[in-house]
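The values are calculated or read from the model by the stated rules, or taken from the named source; none is laboratory data. On a predicted model such as this, the values are computed, not experimentally measured, just so you know. Cβ placement follows ideal geometry from the backbone for every residue including glycine, while neighbour counts extend to all protein chains displayed.
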Amino acid sequence: MLWASAFVGLCVVYLWFFGMRTFFALYTRQIGRKIPIVKSVPVELNDLSVSEVKGERISFKGVEFEVPWNDVDEQKTRVVGTWALIFFRSGNSMVLCVEPADGFIAEMTKSKTPDPELFKVMYGSDVLRSDYALHKAIFETTPSQINFFTPTNRAAGLSSVILIKAIMPPTTDWAIYNIRSQNFKGFQLGDPVRHPKKMSLELYGSDVHFEINIEQNTNLSAQGITQAEINRIIQTAHRATDPQSKISVSPS
(Lines give C-alpha, C1' and ligand atoms only; values in the text may rest on other atoms or scores of the structure.)
Protein backbone atom coordinates (compact mmCIF):
# COMPACT_ATOMS: atom_id res chain seq x y z
CA MET A 1 0.00 0.00 0.00
CA LEU A 2 2.93 2.31 0.66
CA TRP A 3 4.24 1.67 -2.87
CA ALA A 4 0.77 2.23 -4.32
CA SER A 5 0.36 5.44 -2.36
CA ALA A 6 3.77 6.66 -3.50
CA PHE A 7 2.92 5.84 -7.12
CA VAL A 8 -0.40 7.69 -6.93
CA GLY A 9 1.35 10.63 -5.32
CA LEU A 10 3.95 10.75 -8.07
CA CYS A 11 1.20 10.61 -10.70
CA VAL A 12 -0.61 13.50 -9.04
CA VAL A 13 2.59 15.55 -8.90
CA TYR A 14 3.41 14.73 -12.53
CA LEU A 15 -0.06 15.66 -13.75
CA TRP A 16 0.01 18.86 -11.71
CA PHE A 17 3.29 20.06 -13.20
CA PHE A 18 3.42 18.32 -16.58
CA GLY A 19 -0.13 17.19 -17.39
CA MET A 20 -1.09 19.95 -19.81
CA ARG A 21 2.36 19.96 -21.41
CA THR A 22 2.11 16.22 -21.96
CA PHE A 23 -1.33 16.64 -23.50
CA PHE A 24 -0.13 19.29 -25.97
CA ALA A 25 2.99 17.27 -26.83
CA LEU A 26 0.97 14.13 -27.55
CA TYR A 27 -1.79 16.06 -29.33
CA THR A 28 0.55 17.80 -31.77
CA ARG A 29 2.48 14.61 -32.48
CA GLN A 30 -0.79 12.91 -33.31
CA ILE A 31 -1.49 15.72 -35.80
CA GLY A 32 1.99 15.14 -37.24
CA ARG A 33 1.27 11.46 -37.82
CA LYS A 34 -1.96 12.26 -39.66
CA ILE A 35 -0.67 15.34 -41.52
CA PRO A 36 3.11 14.91 -41.99
CA ILE A 37 3.68 18.40 -43.40
CA VAL A 38 3.33 19.89 -39.90
CA LYS A 39 6.65 18.17 -39.06
CA SER A 40 8.41 19.81 -42.02
CA VAL A 41 10.19 23.16 -42.11
CA PRO A 42 11.22 25.18 -45.19
CA VAL A 43 14.48 24.02 -46.79
CA GLU A 44 16.38 25.22 -49.86
CA LEU A 45 15.66 23.78 -53.29
CA ASN A 46 18.39 21.54 -54.68
CA ASP A 47 17.14 21.66 -58.28
CA LEU A 48 17.29 25.21 -59.65
CA SER A 49 17.07 24.25 -63.33
CA VAL A 50 14.50 26.08 -65.43
CA SER A 51 12.59 24.51 -68.30
CA GLU A 52 13.12 26.44 -71.53
CA VAL A 53 10.61 24.67 -73.78
CA LYS A 54 8.03 26.68 -75.66
CA GLY A 55 5.02 27.46 -73.51
CA GLU A 56 2.37 30.07 -72.80
CA ARG A 57 2.14 33.29 -70.81
CA ILE A 58 -0.73 33.68 -68.36
CA SER A 59 -1.88 37.07 -67.02
CA PHE A 60 -4.47 37.77 -64.35
CA LYS A 61 -5.17 40.76 -62.09
CA GLY A 62 -1.79 42.39 -62.59
CA VAL A 63 0.48 39.35 -62.33
CA GLU A 64 2.01 37.37 -65.16
CA PHE A 65 4.04 34.17 -65.46
CA GLU A 66 4.97 31.52 -68.01
CA VAL A 67 4.12 27.83 -68.01
CA PRO A 68 6.25 25.41 -70.06
CA TRP A 69 3.17 23.92 -71.69
CA ASN A 70 1.09 25.11 -74.62
CA ASP A 71 -2.16 23.29 -73.99
CA VAL A 72 -4.24 25.75 -71.94
CA ASP A 73 -7.89 24.84 -72.50
CA GLU A 74 -9.34 28.33 -72.89
CA GLN A 75 -12.91 27.01 -73.20
CA LYS A 76 -12.79 25.51 -69.70
CA THR A 77 -10.57 28.20 -68.15
CA ARG A 78 -12.62 30.79 -66.28
CA VAL A 79 -12.77 33.29 -63.40
CA VAL A 80 -14.81 32.41 -60.31
CA GLY A 81 -14.98 35.29 -57.86
CA THR A 82 -11.40 36.35 -57.16
CA TRP A 83 -9.97 33.04 -58.38
CA ALA A 84 -8.77 32.07 -61.83
CA LEU A 85 -9.34 28.42 -62.74
CA ILE A 86 -6.90 27.39 -65.45
CA PHE A 87 -7.32 24.03 -67.18
CA PHE A 88 -4.93 22.20 -69.48
CA ARG A 89 -5.83 19.60 -72.08
CA SER A 90 -3.36 17.21 -70.41
CA GLY A 91 -5.72 16.98 -67.43
CA ASN A 92 -3.60 19.25 -65.22
CA SER A 93 -5.11 22.39 -63.72
CA MET A 94 -4.24 25.48 -61.67
CA VAL A 95 -6.11 27.73 -59.29
CA LEU A 96 -4.63 31.24 -59.13
CA CYS A 97 -5.49 33.78 -56.45
CA VAL A 98 -4.05 37.31 -56.46
CA GLU A 99 -4.30 39.46 -53.33
CA PRO A 100 -2.87 42.75 -52.04
CA ALA A 101 0.37 42.53 -50.13
CA ASP A 102 -0.22 41.54 -46.49
CA GLY A 103 -3.89 40.91 -47.14
CA PHE A 104 -3.86 37.91 -44.80
CA ILE A 105 -2.70 40.01 -41.84
CA ALA A 106 -5.18 42.76 -42.69
CA GLU A 107 -8.10 40.33 -42.78
CA MET A 108 -6.94 38.57 -39.62
CA THR A 109 -6.62 41.90 -37.80
CA LYS A 110 -10.15 42.78 -38.87
CA SER A 111 -11.82 39.47 -38.02
CA LYS A 112 -9.60 38.44 -35.07
CA THR A 113 -9.70 34.89 -36.47
CA PRO A 114 -7.14 33.83 -35.49
CA ASP A 115 -6.25 36.56 -33.04
CA PRO A 116 -3.03 38.36 -34.11
CA GLU A 117 -2.04 38.53 -30.44
CA LEU A 118 -1.38 34.79 -30.59
CA PHE A 119 1.44 35.29 -33.09
CA LYS A 120 2.74 38.42 -31.38
CA VAL A 121 3.08 36.54 -28.08
CA MET A 122 4.67 33.51 -29.73
CA TYR A 123 7.11 35.18 -32.11
CA GLY A 124 7.27 38.91 -31.27
CA SER A 125 5.64 41.88 -32.96
CA ASP A 126 7.94 41.74 -36.02
CA VAL A 127 6.13 38.61 -37.22
CA LEU A 128 3.14 40.79 -38.14
CA ARG A 129 5.13 43.10 -40.37
CA SER A 130 4.28 41.05 -43.50
CA ASP A 131 2.34 38.01 -44.68
CA TYR A 132 5.66 36.45 -45.68
CA ALA A 133 7.14 36.80 -42.19
CA LEU A 134 3.98 35.36 -40.62
CA HIS A 135 3.78 32.36 -42.96
CA LYS A 136 7.50 31.72 -42.47
CA ALA A 137 7.00 31.60 -38.69
CA ILE A 138 4.05 29.22 -39.06
CA PHE A 139 5.92 26.91 -41.45
CA GLU A 140 8.93 26.80 -39.12
CA THR A 141 6.80 25.64 -36.16
CA THR A 142 6.77 21.87 -35.52
CA PRO A 143 5.50 19.47 -32.84
CA SER A 144 9.10 18.80 -31.75
CA GLN A 145 9.18 22.30 -30.22
CA ILE A 146 6.75 21.14 -27.53
CA ASN A 147 8.18 18.98 -24.74
CA PHE A 148 7.76 18.41 -21.01
CA PHE A 149 9.74 21.53 -20.18
CA THR A 150 7.84 23.91 -22.46
CA PRO A 151 5.81 26.40 -20.38
CA THR A 152 2.12 25.52 -20.53
CA ASN A 153 1.04 28.82 -22.11
CA ARG A 154 3.66 28.52 -24.82
CA ALA A 155 2.77 24.85 -25.44
CA ALA A 156 -0.87 25.87 -25.88
CA GLY A 157 0.11 28.65 -28.29
CA LEU A 158 2.38 26.40 -30.34
CA SER A 159 -0.39 23.80 -30.53
CA SER A 160 -2.74 26.42 -31.98
CA VAL A 161 -0.14 27.42 -34.58
CA ILE A 162 0.49 23.79 -35.53
CA LEU A 163 -3.26 23.28 -36.00
CA ILE A 164 -3.30 26.33 -38.32
CA LYS A 165 -0.29 24.92 -40.19
CA ALA A 166 -2.11 21.61 -40.63
CA ILE A 167 -5.10 23.16 -42.41
CA MET A 168 -3.18 25.74 -44.49
CA PRO A 169 -1.32 23.78 -47.19
CA PRO A 170 -3.39 22.83 -50.26
CA THR A 171 -1.04 19.94 -51.05
CA THR A 172 -0.90 16.18 -50.71
CA ASP A 173 2.86 16.14 -50.03
CA TRP A 174 4.89 17.10 -46.95
CA ALA A 175 7.82 19.05 -48.43
CA ILE A 176 8.23 22.81 -47.90
CA TYR A 177 10.84 24.75 -49.89
CA ASN A 178 12.06 28.33 -49.81
CA ILE A 179 11.76 29.88 -53.25
CA ARG A 180 12.88 33.25 -54.60
CA SER A 181 13.26 35.13 -57.85
CA GLN A 182 14.15 38.64 -58.91
CA ASN A 183 10.63 39.82 -58.09
CA PHE A 184 9.28 37.47 -55.44
CA LYS A 185 10.10 35.25 -52.50
CA GLY A 186 7.96 32.63 -50.88
CA PHE A 187 7.35 28.92 -50.50
CA GLN A 188 6.78 25.82 -52.58
CA LEU A 189 4.65 23.14 -50.96
CA GLY A 190 5.17 19.68 -52.38
CA ASP A 191 8.04 17.77 -54.01
CA PRO A 192 7.38 16.93 -57.68
CA VAL A 193 9.80 13.99 -57.46
CA ARG A 194 7.12 12.13 -55.49
CA HIS A 195 4.51 13.04 -58.11
CA PRO A 196 1.89 14.36 -55.65
CA LYS A 197 -1.58 15.13 -56.93
CA LYS A 198 -1.49 18.66 -55.48
CA MET A 199 1.31 21.21 -55.03
CA SER A 200 1.28 24.92 -54.27
CA LEU A 201 3.34 28.06 -54.78
CA GLU A 202 3.07 31.09 -52.49
CA LEU A 203 4.81 34.18 -53.91
CA TYR A 204 5.20 37.46 -52.03
CA GLY A 205 6.17 40.76 -53.64
CA SER A 206 6.42 44.32 -52.39
CA ASP A 207 2.83 45.14 -53.40
CA VAL A 208 1.16 41.83 -54.21
CA HIS A 209 0.84 38.25 -53.01
CA PHE A 210 -0.43 35.42 -55.13
CA GLU A 211 -0.91 31.72 -54.74
CA ILE A 212 -0.89 29.05 -57.44
CA ASN A 213 -2.41 25.70 -56.51
CA ILE A 214 -1.39 23.03 -59.00
CA GLU A 215 -3.28 19.79 -59.50
CA GLN A 216 -1.76 17.30 -61.86
CA ASN A 217 -3.27 14.35 -63.67
CA THR A 218 -1.64 11.43 -61.87
CA ASN A 219 -3.15 8.96 -64.35
CA LEU A 220 -0.73 10.04 -67.06
CA SER A 221 2.05 7.60 -67.93
CA ALA A 222 4.55 10.49 -68.15
CA GLN A 223 6.75 11.49 -65.21
CA GLY A 224 4.44 14.35 -64.30
CA ILE A 225 5.30 17.96 -63.55
CA THR A 226 9.02 18.44 -62.89
CA GLN A 227 10.88 20.89 -60.66
CA ALA A 228 12.36 22.57 -63.74
CA GLU A 229 8.81 23.26 -64.98
CA ILE A 230 7.76 24.69 -61.62
CA ASN A 231 10.93 26.84 -61.60
CA ARG A 232 9.83 28.26 -64.96
CA ILE A 233 6.69 29.60 -63.26
CA ILE A 234 8.65 30.98 -60.30
CA GLN A 235 11.41 32.67 -62.28
CA THR A 236 9.14 34.26 -64.90
CA ALA A 237 6.54 35.63 -62.45
CA HIS A 238 6.34 39.43 -62.48
CA ARG A 239 3.94 42.33 -62.21
CA ALA A 240 1.97 43.00 -65.39
CA THR A 241 1.17 46.48 -66.63
CA ASP A 242 -2.49 45.62 -67.24
CA PRO A 243 -4.36 44.74 -63.99
CA GLN A 244 -7.27 43.19 -65.89
CA SER A 245 -9.61 40.84 -64.03
CA LYS A 246 -9.94 38.43 -66.92
CA ILE A 247 -7.46 35.68 -67.80
CA SER A 248 -5.16 36.37 -70.73
CA VAL A 249 -3.23 33.53 -72.41
CA SER A 250 -0.59 34.16 -75.08
CA PRO A 251 2.47 32.38 -76.50
CA SER A 252 5.59 32.80 -74.35
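Tabulated values for the structure
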| read-out | value |
| --- | --- |
| Scan of the range 47-63 for residues that are outside any strand (DSSP E or B), touching a strand residue (DSSP E or B) at 6+ places or on another chain (Cβ under 9 Å) and among the aliphatic types (A, V, I, L, M), ordered by number | none |
| Some residue of the range 197-204 being in a strand (DSSP E or B), among the small types (Gly, Ala, Ser) and within 16 Å of the chain's Cα centre (by Cα) | yes |
| Residue list for the range 149-174, restricted to those being within 15 Å of the chain's Cα centre (by Cα), in a loop (DSSP other than H, G, I, E, B) and surrounded by fewer than 21 Cβ atoms within 10 Å (Cβ to Cβ) | Met168, Pro170, Thr172, Trp174 |
| Those residues of the range 216-229 which are modelled with pLDDT of 90 or more and surrounded by fewer than 19 Cβ atoms within 10 Å (Cβ to Cβ), in sequence order | Thr226, Ala228 |
| Residue satisfying all of: in the range 148-175; over 30 Å from His195 (Cα atoms) and among the aromatic types (Phe, Trp, Tyr); modelled with the highest pLDDT among these | Phe149 |
| Conditions (1) of a type outside the set (Asp, Glu); (2) part of a strand (DSSP E or B); (3) under 20 Å from Pro68 (Cβ atoms): number failed by Ala228 | (2) |
| All positions within the range 129-161 that are in contact (Cβ under 8 Å) with a residue 60 or more places away in the chain, of a type outside the set (A, V, I, L, M, F, W, C) and under 12 Å from Arg29 (Cα atoms) | Thr142, Pro143, Ser144, Asn147, Ser159 |
| Considering residues of the range 104-128 that are in contact (Cβ under 8 Å) with a residue 40 or more places away in the chain and surrounded by 14 or more Cβ atoms within 10 Å (Cβ to Cβ) only, the residue nearest to Asn219 (Cα to Cα) | Phe104 |
| Inter-residue pairs, beta-carbon under 7 Å, first loosely packed, with under 12 Cβ neighbours inside 10 Å and in the range 230-249, second basic (Lys, Arg), 6+ apart | Ser245/Lys61 |
| Residue within the range 164-175 that is closer than 21 Å to Thr82 by Cβ and out of contact with any strand residue (DSSP E or B) (no Cβ under 7 Å at 6 or more places or on another chain) present | yes |
| Residue count, the range 184-208 (criterion: farther than 17 Å from Gln227 by Cβ, at pLDDT 90 or above and of a type in the set (S, T, N, Q)) | 0 |
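Every residue, every condition in (1) surrounded by fewer than 17 Cβ atoms within 10 Å (Cβ to Cβ); (2) at positive phi; (3) out of contact with any helix residue (DSSP H, G or I) (no Cβ under 8 Å at 6 or more places or on another chain), yes or no:
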| site | (1), (2), (3) |
| --- | --- |
| Val43 | yes, no, yes |
| Ser59 | no, no, yes |
| Phe65 | no, no, no |
| Pro68 | no, no, no |
| Asp73 | yes, no, yes |
